[in-house]
Amino acid sequence: MKIRRLPEGLVNRIAAGEVVERPASVVKELIENSIDSGARRIEIFIEEGGQALIRVSDDGSGINREELPLAIERHATSKIQNYTTLSEIDTLGFRGEALPSIGSIARMAIISRVKNSQQAWRINVNGGDVLPIEPAARAVGTDVLVRDIFFATPARLKFMKTPKTENGHITDVVVRLSMARPDIDFRLTLNGRQLFNLSSELSVDEGRLTRLSRVVGNDFRKNNLVLKSEREGIKLNGYIGFPSYNRSTSQHQYLFVNKRPVHDKMLNGALRGAYRDLIPSGRHPVCALFLEVPSHLLDVNVHPTKAEVRFSNIGTIRGLVVGSIRHSLSAAGHRTAMAGGVGVFGSLGKNNEGEKTNTVINKTSKISSKDLRTQSELINTDPIARSSDNPEVRTNDLDGFHEQEEKDYPLGAARAQVHATYIVSQTIDGIVIVDQHAAHERIVYERMKKELEEGTVKSQILLIPEVVEVGSEAANFIDNRVKELGALGLIIEPFGPGTVLVREVPAILGEGNIKGLVQDIVDNFSYLGARDTLIERLYEICASMACHSSVRAGRLLNNHEMNQLLRQMEATPNSGQCNHGRPTYIELALGDIEKLFGRR
Ligand code: ADP
Ligand code: MG
């Protein structure tokens, strides 16, 4: 068979197969062109999920009459002026493929007027056929209208989803780009209904947060931490949701690299790593991360729609993302707990997924570093583990805890224990209900992690070593990991067939059910894959030990013990969630209690 050059129209349709997957892809390309043209205002009109009409209008530079035919020609672009290098691209587009691709599969009109011209001009392309240029009227800027998408490629048309689904994708695209450029006004109208009108008047930070809150729900404002960090010339800014503010999909994770919305597996993995052990499995945090990477460390030309990028220093970026998220979450300590409030009673907090969200209804308690210092002095008085051989244990007299001191303690003063499971405490402006088991589990876990990191794990010798029967497979398992377990303060050795001998246990755990502990560890080890790093595996085991040793629901605590637990929570990183990502406490503001009783 002969080798032939394909006709231009067919080439464009083939390219369209990559660039235009669905109406939202057209919207993305057109908005990117508007952004690149220096627009301050971009308006998007959609009819029938984009199948009937997509119109994107801007007040950017416009395209002059002579260049209109070039704009729809393949590999013609105004964005690369230096032909030798691709390394310093600072526009969203550069491939010169979008307009010819779109024109080949739909009916497209471009109407544009440049500055200092009295006249606008229009060019039409119908399924690849270019019609003569005509005079038109409009202000400086450009409209691109796309009708009957995929009419020229019936196979693609069959893959169109319902207008509702396509509208969802379109909204997602607009939101992402609007977050990337809070300095531009965006207006989106779907079937005549204006969905948003985002103004550029706010500061960059406030603008991004406002745009983010518009899609994830306004309660995000009260459930996030601000991220700002820098390493080796790479900057990371953004908003990260509290672990308890989680969702069933990762849809609300917005990632940007140099003002370009991206989908990136490495960044997704870094996010997962950062929230590991803070969020229940199968749930996803909400966040917007904005990375600024020097352009010589970045390749943006790896994907036809430029949705992916390649970094030359993955390790640094991953470290920066994981490190800064974990640092800010743990520094925020108990503040990141879900404050259940009225939301718990179902009267608030439906988000657009129809899920119940965790609504903070009161002002978030502020803890100053002074408070933290005061409280951390109390941390050694662990009422529950009762490692009584620990010389550091002091007893602080907290029984005389007076109301006037509540302001110093965000989690308030314990008033009662109910059902031997929950501590009810009074704060300055409300009440807090603590799940004692969940809270203590996190306290023990964080302390174990700290000791592990600092290499200061203390173990406690058992007066009588305990023989535990675990079965031969498990015994083998333990035999191979004696050293790792030793690092955790668990001194264990093979005994007879299928049996092990436990000589020492981590001091932090106190004496508990040793057989149960060993069994948990074996179970844990066997499901952890070989790919997990040693330290990750050790953390997992810490978590399971902490759970095992923690004060169980059902245990009676006196007032002194309850207050000590509250003070430790205040001083413990991540104490808003237990190790399984469930909240350790909920908070009800007085105002909301009053609302519940109809007093307001
Ligand atoms: P690319 O964006 O990769 O250059 P496109 O096919 O998307 O390729 O656009 C081709 C050219 O048309 C652009 O380089 C730009 O010069 C011009 N253009 C497209 N849209 C606009 C717009 N909204 N305003 C001004 N110029 C535009
Ligand atoms: Mg483009």
For segment 204-332, compute the orientation-averaged projected area of the C-alpha convex hull (one quarter of its surface), in nm².
7.7 nm²
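With Cβ to Cβ distances under 15 Å as the rule, what net charge do the other residues near residue 17 carry (K, R +1; D, E -1)? Kindly include the intermediate steps, with their values, before the conclusion.
Numbers: positive: 13, 22, 74, 95, 156, 158; negative: 18, 21, 29, 97.
Local net charge: +2.
If I stretch the segment between residue 3 and residue 129 completely, what's the gain in nm (0.36 nm per residue apart, minus their alpha carbon distance), one decimal? Write down the numbers at each step before the final one.
On the way: separation 126, 0.36 × 126 = 45.36 nm, distance 2.51 nm.
Value of the extension gain: 42.9 nm.
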What FRET efficiency would be calculated for the residue pair residue 64, residue 21, taking the C-beta separation as r and a Förster radius of 22 Å, to the nearest 0.05?
0.10
Taking every C-alpha to C-alpha distance in segment 65-143 and binning by 5 Å from 0, the per-bin percentages run 3, 15, 22, 21, 18, 13, 6, 1
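What whole-number value in Å² describes the accessible area per residue of segment 1-96 for a 1.4 Å probe?
56 Å²
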Total lysine pairs under 26 Å (Cα atoms) in segment 8-198, excluding pairs fewer than 8 apart on one chain:
6
Filter the chymotrypsin sites (Phe, Trp or Tyr not before Pro) in segment 81-142 down to the DSSP loop ones having no more than 12 other Cβ atoms within 10 Å, then list what survives.
83
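Highest mean first, what order results for 135-144, 458-467 on Cβ atoms within 10 Å?
Numbers: 135-144: 17.1, 458-467: 13.1.
Answer by packing, highest mean first, reads 135-144, 458-467.
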Classify segment 96-179: rounded, prolate or oblate, from the alpha-carbon gyration tensor (a ≥ b ≥ c, eigenvalue square roots; a/c under 1.5 rounded; otherwise prolate if a/b is larger than b/c)?
oblate
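Starting from the Cα-Cα distance between residue 161 and residue 76, subtract it from 0.36 nm times their residue separation and give me the gain in nm to one decimal.
Numbers: separation 85, 0.36 × 85 = 30.60 nm, distance 3.19 nm.
Result for the pair: 27.4 nm of gain on full extension.
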Per the 1.4 Å probe, what fraction of the accessible area of segment 204-332, in percent, lies on carbon and sulfur atoms?
50 percent
Based on the alpha-carbon set only, what is the convex hull volume of segment 1-124 divided per residue, in Å³?
142 Å³
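The values are calculated or read from the model by the stated rules, or taken from the named source; none is laboratory data. Model, not experiment: these values are computed from the prediction. Here the Cβ is made from the backbone with ideal geometry for all residues, glycine too, and neighbour counts use every protein chain on show. Protein only, heavy atoms only, side chains kept; ligands, DNA and RNA dropped before computing areas. Shrake-Rupley method; radii C 1.70, N 1.55, O 1.52, S 1.80 Å.
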